[in-house]
């Protein structure tokens, strides 16, 4: 099935204004905002985040064991109406599906998470081409094009992936496999990285087996930036603004993406990422034991700026 990837994540939050400021500082654009009802924040391609009050009765139910603030729904974009019809038929075979007037399908997956599907509304966008000068290769930037700009406005380009804690990871994996998601890699006894049929991104979904009452709901989510340099510079500015670094900066092994994670007001950690691996159907999934040696190829921590003689 031609599911392209994540379109929106919908969160129920306890502090609307803090959530708004966080997403603006993250670099998303405010599409709409109501101080009482929340709003919508988008990346360059139109994918994004919706925030609502956690007690909004219109929100889907909380994931198993979760409490506000929390992810309340994951919306996927599909390529065309035919794909949407095929997904609806597949889902209605064993669960209730609600069909909105705007054509969006809503249901609950086998992990207890509310999910939805609609024909994509992603849009093309213009962004600076990021070139790299590598010895032995043609120059990635023209002469006198300086890459380092302290005033660079860095914008998230597209919604990347979401990570769930699930009570039965095998059952949850089987549900998404029926919708055409494939496993790209796996942490043994923990869970799979999965991508839908319409993207070659290493994963748009990672699921982790929950082993205790603290492993509930959404673990983290992220948008793609343009480069490792953007991850580092944007993360540096995030730290400067007072946000607390949770993990990173570093680079993962499975997926190869550069990362930097920050605490957030969404009941989940929010990541900044870039340069994720792409895989096609010829790829053979890898399996690795969970642990720090297999989670990142390197890891750093931000420290105050320094110069010789200071």
Residue of 189, 241, 155 that the Gaussian network model of the chain assigns the largest fluctuation, springs spanning Cα pairs under 10 Å: 241
Note the full-extension length gain between residue 237 and residue 122 as 0.36 nm times their separation in residues minus their Cα-Cα distance, in nm to one decimal. 38.6 nm
Highest mean first, how do 169-180, 53-64, 198-209, 227-238 rank when packing is the count of other Cβ atoms within 10 Å averaged over residues? 198-209, 227-238, 169-180, 53-64
Nearest 10 degrees is fine. How inclined is helix 16-26 to the longest principal axis of the chain, computing both from alpha carbons? 50
Under a point spin-label approximation (7 Å from Cα along Cα-to-Cβ), what is the residue 245-residue 25 distance to one decimal in nm? 1.5
Against the longest alpha carbon principal axis of the chain, how many degrees, from 0 to 90 and to the nearest 10, is the axis of helix 228-240 turned? 90
Nearest 10 degrees, 0 to 90: what angle lies between the long axis of helix 169-178 and the longest principal axis of the chain (Cα atoms)? 80
Starting from the 7 Å offset along Cα-to-Cβ, what nm value, one decimal, do you get for the label separation of residue 152 and residue 286? 2.7
Which of 1, 194, 270, 215 has the fewest other C-beta atoms within 10 Å, and how do the rest follow up to the most? 215, 1, 270, 194
What's the FRET efficiency of residue 133 with residue 227 using the Cβ-Cβ distance as r and R₀ = 22 Å, to the nearest 0.05? 0.95
For Cα Rg over 2.2 N^0.38 Å, several values are listed as [x] 1.07; [y] 1.11; [z] 1.00; flag the one computed from this structure. [z]
Under the rule of -39500 (n - 2.57) per DSSP H run of 4 or more residues, summed and divided by the residues of the chain, what mean residue ellipticity at 222 nm is obtained, to the nearest 500 deg cm²/dmol? -4500 deg cm²/dmol
Order by neighbour count: 218, 107, 146, fewest other Cβ atoms within 10 Å first, most last. 146, 107, 218
Estimated distance in nm for a label pair at residue 171 and residue 93, the labels positioned 7 Å out from Cα along Cα-to-Cβ: 1.9
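Every read-out reported here was derived from the displayed coordinates using simple, explicitly stated rules and does not represent laboratory data. What you see is a predicted model; the values in this text were computed from it and never measured. When we count neighbours, we look across all protein chains shown, and the Cβ atoms used for this are built from the backbone with ideal geometry, even at glycine.
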